[in-house]
Structure formats: C-alpha cells, structure tokens
Amino acid sequence: MTSLSAVFDRAKAENRAALIGYLPAGFPDVPASISLMQTMVESGVDIIEVGLPYSDPLMDGPVIQHAAATALAAGATTDDVLKAVGAVHEAGAAAVVMSYWNPIERYGVGRFAQAMSQVGGQGLITPDLTPEEAGEWQNASAQHDLDRIFLVAPSSTPARISVIVNATSGFVYAASVMGVTGARNSVSGHAHGLVARIRESTQLPICVGLGVSTGAQANEIAAYADGVIVGSAFVRAITQAADFKEATSAVASLSRELATGVRRRNEEPEALR
C-alpha cells in the first residue's frame with residue numbers, strides 16, 4: 001500500500017512538491033475515468049483524488065458540476081468510486097476519495113471505511129464535514145487506518161485552524177480562494193499566507209488547491225507548499241477533447257507539465273516563466 005506519508009517523504013527527498021490530481025469517477029464513463037486516472041499516474045501524478053459524483057456539489061464550479069452530472073446520468077455509483085480507488089492503488093499511486101458527506105452517510109460510514117481499506121484507499125477529503133460533526137467518521141477511519149483530510153479556508157482564524165489540523169491526518173487541504181472550484185489565470189494571493197498560518201499549528205504536509213491549471217502555477221505553489229492539487233484543469237481537458245484518445249493525450253500532457261512544475265522548486269525555468 002502506498003501511504004500518503006510515503007508519498008510526501010519521497011517528494012521531500014526529491015526536493016519537490018507532491019502532485020495531486022482530481023477526477024470524478026464515472027466521467028465521462030466509469031471505464032474511461034479509470035483509464036484516465038491510470039494515465040495521470042503514469043504521467044507523474046503522485047496522488048489521485050477520486051471524486052464521488054454528487055447531485056448537489058455546492059463547492060464546485062460549473063466544470064466539475066457538469067462532470068459530476070454526466071457521471072451520475074451514466075449511472076456512476078459509490079461502488080464504482082471504490083473500483084477506481086482500487087485501480088489507482090494497483091497503478092502504484094496513493095488514492096483518496098473527495099466526497100460531500102451525504103453520499104458517505106447513505107452508503108454507510110463504517111461500510112465505506114471498510115471498503116476503502118480493502119481496495120487500498122488512503123483516506124477521505126470531506127469539504128462539507130466539520131471536525132465537530134465528524135465523530136462517526138473519526139471512529140470508522142481510525143478503525144480502518146484511513147486518513148481524515150479537512151479543509152482550511154483563507155478566512156479561518158488561528159483558533160479554527162488549530163481545531164481543523166488537530167482533527168486532520170494525511171495532509172491539510174489549504175483552499176487558496178473563497179468560493180467554488182475552477183481553474184484560474186493566476187494563483188490566489190491568499191495561498192502563501194494561508195500556508196504560513198497553517199504551518200504555525202501543524203507539521204502535517206500542506207497542499208494547496210482551487211485554481212491551479214498550469215505548470216507555472218504549480219511551480220509557484222511548490223516553492224512553499226508540500227503538495228499542489230489540480231482538479232478543474234483535468235476535467236476541462238477531457239471535456240474539450242473530441243474523443244477518448246484525444247482526452248487521454250490531453251490528460252497525459254497536462255500531467256507531465258504539472259509534474260515538471262512541481263519538480264522545479266528552486267529555479268524558474270524559462271519554459272515556465
């Protein structure tokens with residue numbers, strides 16, 4: 001099993017940030033999504049966030065909302081998400097699930113934790129679950145040795161950050177902007193300061209997400225964060241592709257560009273300026 005700590009230790013030894021890529025299971029369909037995740041791993045992505053499609057994704061922008069709706073319309077289920085997690089694990093990368101809490105409750109918290117462990121999953125990112133409401137998940141994840149990844153927002157106070165990181169394991173998800181997900185032309189100015197504030201409260205790896213879409217942006221964030229999270233840019237590359245072959249090529253190309261970015265922390269290559 002490829003643990004999250006092993007991924008971050010390896011990245012640190014190579015003087016780089018870890019690259020984390022998100023894709024909803026079942027988009028554009030289940031077999032295609034699994035194949036595309038495997039392509040991401042083969043092209044340099046260290047950790048895959050397997051998205052669990054949900055009908056009311058309040059934190060997600062239009063790109064990911066459309067992908068989730070497409071997956072749901074095609075019949076994607078939580079079992080399909082777990083199948084994707086297993087495929088990522090078999091491909092040699094660490095896999096976590098990104099999900100709103102309602103689908104996990106419906107599936108069964110203990111049942112989900114057990115199934116995740118059985119397929120080699122490492123943990124769960126819960127954007128709408130607070131530590132105060134996570135008692136059942138705390139117990140189930142501890143029983144099955146899964147990481148609990150909570151989000152810190154730019155508006156979080158020092159006291160709130162302390163509460164969040166004390167409930168977190170694996171890594172801290174630093175949401176660099178307020179609002180919904182989506183690729184942006186520049187990295188939020190809040191990101192660097194947010195990471196610095198989080199570091200005052202924890203020694204866990206800190207990963208920055210929301211808005212990263214290019215190797216240059218990955219390079220910028222890798223200078224101060226332990227991980228760079230990319231989601232909408234991958235989904236958009238697939239959406240804009242004419243067919244599955246083109247989508248695979250686009251995902252591989254973007255993965256390699258981002259992987260190059262996170263591996264150049266102490267220099268500013270001309271190609272990334």
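The values are calculated or read from the model by the stated rules, or taken from the named source; none is laboratory data. As the structure is a computational prediction, the values presented were derived from the model and not from experiment. Neighbour counts are summed over all protein chains in view; Cβ atoms, including those assigned to glycine, are modelled from backbone coordinates with ideal geometry.
Per the conditions (1) surrounded by fewer than 20 Cβ atoms within 10 Å (Cβ to Cβ); (2) in contact with a Ser or Thr (Cβ under 9 Å, 6 or more places away or on another chain); (3) not basic (K, R), the sole criterion not satisfied by G135 is (2). Of the listed requirements (1) without any contact (Cβ under 8 Å) to a residue 24 or more places away in the chain; (2) of a type in the set (S, T, N, Q); (3) out of contact with any helix residue (DSSP H, G or I) (no Cβ under 9 Å at 6 or more places or on another chain), S55 misses just one: (3).
Is there a residue being in a loop (DSSP other than H, G, I, E, B), crowded, with 24+ Cβ neighbours inside 10 Å and not polar (S, T, N, Q) anywhere in region 228-249?
In the first step, residues of region 228-249 are kept if they are in a loop (DSSP other than H, G, I, E, B); the result is 231, 240-243.
Still in the list and also crowded, with 24+ Cβ neighbours inside 10 Å: 231.
Next, only the ones that are not polar (S, T, N, Q) stay: 231.
Yes; the residues of region 228-249 include at least one that is in a loop (DSSP other than H, G, I, E, B), crowded, with 24+ Cβ neighbours inside 10 Å and not polar (S, T, N, Q).
Taking each residue of region 140-153 that is farther than 14 Å from L129 by Cβ and looking for partners that are surrounded by fewer than 22 Cβ atoms within 10 Å (Cβ to Cβ) with beta-carbon atoms closer than 6 Å, six or more apart or interchain, yields H144/Q114; H144/S117. All but one of (1) within 14 Å of the chain's Cα centre (by Cα); (2) farther than 13 Å from G44 by Cα; (3) modelled with pLDDT of 95 or more hold for G231; which doesn't? Among (1) within 14 Å of the chain's Cα centre (by Cα); (2) farther than 13 Å from G44 by Cα; (3) modelled with pLDDT of 95 or more, the lone unmet condition for G231 is (3).
Annotation note: of G110, G86, G123, the sole residue that is small (G, A, S), in contact (Cβ under 8 Å) with a residue 12 or more places away in the chain and buried (at least 23 other Cβ atoms within 10 Å of the Cβ) is G123. Within region 239-273, how many residues are modelled with pLDDT of 95 or more and touching a Lys or Arg at 6+ places or on another chain (Cβ under 8 Å)? Residues that pass the stated criteria total 1.
Contact map, region 1-24: residues that are loosely packed, with under 13 Cβ neighbours inside 10 Å paired with residues that are in a loop (DSSP other than H, G, I, E, B) and at pLDDT below 95, Cβ distance under 8 Å, separation 6+ or inter-chain. Pairs shown: E14/R263; N15/R265; N15/N266. Evaluating S99 against the criteria (1) over 16 Å from L151 (Cβ atoms); (2) buried (at least 20 other Cβ atoms within 10 Å of the Cβ); (3) among the polar types (S, T, N, Q) leaves one unmet condition, (1). Of the residues making up region 37-52, those that are buried (at least 24 other Cβ atoms within 10 Å of the Cβ) and under 24 Å from A74 (Cβ atoms) number 8. On inspection, S213 passes the criterion of being among the polar types (S, T, N, Q), in a loop (DSSP other than H, G, I, E, B) and either at pLDDT 95 or above or within 27 Å of Q65 (Cβ to Cβ) (or both).
Here A91 does not qualify as crowded, with 22+ Cβ neighbours inside 10 Å and over 17 Å from D147 (Cα atoms). I206 falls short of the stated requirement of being touching a residue at least 12 places away in the same chain (Cβ under 8 Å) and under 22 Å from T70 (Cβ atoms).
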